[in-house]
1. How large is the Kirkwood hydrodynamic radius of the stretch 30-122, counting all unique pairs of alpha carbons, in Å?
2. In nanometres, what is the gap between the two model label sites at Lys174 and Glu454, each 7 Å from Cα along Cα-to-Cβ?
3. At 0.36 nm per residue, minus the direct Cα-Cα distance, what do Thr51 and Glu38 gain on full extension? Give it in nm, one decimal, please.
4. Quick check on the chain: helices-only [θ] at 222 nm, where DSSP H runs of length 4 and up contribute -39,500 (n - 2.57) each and the sum goes over total residues. Nearest 500, please.
5. Classify the stretch 236-312: rounded, prolate or oblate, from the alpha-carbon gyration tensor (a ≥ b ≥ c, eigenvalue square roots; a/c under 1.5 rounded; otherwise prolate if a/b is larger than b/c)?
6. In the neighborhood of Gly87, defined by Cβ-to-Cβ distances under 9 Å, what is the net charge if each Lys or Arg adds +1 and each Asp or Glu adds -1?
7. How far, in degrees from 0 to 90, does helix 266-275 lean away from the longest principal axis of the Cα atoms of the chain, to the nearest 10?
8. May I ask for the angle, rounded to the nearest 10°, between helix 421-435 and the longest principal axis of the chain, with both axes built from Cα atoms and the value confined to 0 to 90°?
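None of the figures in this text is laboratory data; all of them are computed from the coordinates on show. Predicted model, so just to flag it, every value in this text is computed and none were measured. For neighbour counting, all protein chains shown are included, and Cβ atoms are generated from backbone atoms with ideal geometry for every residue, glycine included.
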Amino acid sequence: MTLERFIKPCEFFSSETLVVADLAPRIIEHSFELPLLEELVKDTEGRPLFTQISHGLQAANQMTLWELYLRSGLPLPKGAILDAGCGDGLFFALAPHMVFNRPEIGRRRVIGIDLDPNKIKTARIVAGLIAKGFAESTRTTERPEGLSLAYLVQDPQDLARMDTEHIIINWEKKGLPEVAMVWSNSMFHWIREPENKYAALDNFNSVLQPGGVLCISMSAGGTARDFLDAYNHVIILQLRGYDSQHNPRGYHRVGFETDPIGSRPLDEIVNMIEESGFDVAAGIELPESITYDDPRQYSRAVEVYGSKAFLRPVPHYSKAGMRKLWGDIEQEFLNILRKKGWKDGQPWTYTQFNNYIVAVKKAEVVSPEKRVAPVPVTSFLNERFLNASYKAMLSQSRRNMTISLSGNQEEVEGVETTVNIHDIFKAILTYATSNWVREDVMPVCTIQYRVAGEQSLVLGIDVKPTEKKPVQSLFRPGVLKRLQQSNVGMSHTDLENGIRRYEFNVPLF
């Protein structure tokens, strides 16, 4: 699927804001304004629960997603709005100013759902304060009690396993009302495995009534590049792998991701949504910028919404240990920015890349066994992909580790596979980064490829590890199962000079 298939610049944004290949930061024009985040909701002591520093990016995401929905022209049937991944309740605070003030939509019941118990607790506080404030601000002589808002925040649930028939609050179940819209802002990338993404989409489809609308925003490729570089440097090169005897402060490789944010390309997510029973009305990838007085403010913002995912590799750390580790990551982040010209005391502008998708429920759903999203293998086997996704991580090695790609590019032109080759590269290169022999002062990880009989792609990845592990042990259980179900063959061979070649036979589409 090409981006042009579902991007409609003239209908949604001016030509100055559309981004397809050019990823330069642009200004997104919204047709509405919101109050300052600091004025939206305050606690009993007058302190704002949302600020531009802590939630500025998320608020910008919410505004752009709503703008895309408005420009799509899709009608909204009667029913509630399900805030899937409600976090600490930002949508509850924005809705009176962004959603309910439109006559064609009006006040709607909003049902929040999230996995994090702490965020659920905060969201319930926000919901109560917003409802109270809205009633007070709408009091009239004829209606002294003011207008009400119906906000419900469910008990913690995994979206991939959510109850699609009930609302669950304090362990009590009530029937789920008709849902007109599923709203999911800046959450979908945190769902790691593709099968869980599909399960969540199936649940969204299940709760929506016919003609219901799905609105999703999520991280796209290129997000948080400098911060991720800092994260990988500290985790891989400073902590190194966990060993109960020799390195008890190391990280657990099973929980480690080079990109804990889980950014995915727009076309991949659109394919998944359409295979889950939706017609995509609009989809676009956009860069968004926010300027901080100090980049440490960005680090704190990431800590608010993503610390659990980032610190998943160190479950054995105490809270104090995790706080110190986050401080080390932040310090390395600042070091990277200084090398790029930032100086202490200067503001810093951060640019993120986000996917925005608006879809409508259709009648037909593609069965799980038929869900395939073939991807050109050249999407993986090219220097641009390798440099963007892995080289930054590998080159952090004090020995300047590099990647060498070897194969006939013409041989793989037009060749597609349903296997996510990224899963293979990520596992092997993560292993190589932390286990390359120290005597090799200029390590080169060679990736070789060739097409075998027009039915499979053979990948060979040469590494020189201190500890030679079997190929299957390098993958997380979920990833290994997914590769096995896709009939990916795996083997390893020991070559001369201590090199081990991990070889994969990848079926072609």
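1. 14.2
2. Once both label points are built, they end up 6.2 nm from each other.
3. Between Thr51 and Glu38, full extension yields an extra 4.2 nm.
4. -9500 deg cm²/dmol
5. oblate
6. -3
7. 70
8. The answer is roughly 60 degrees.
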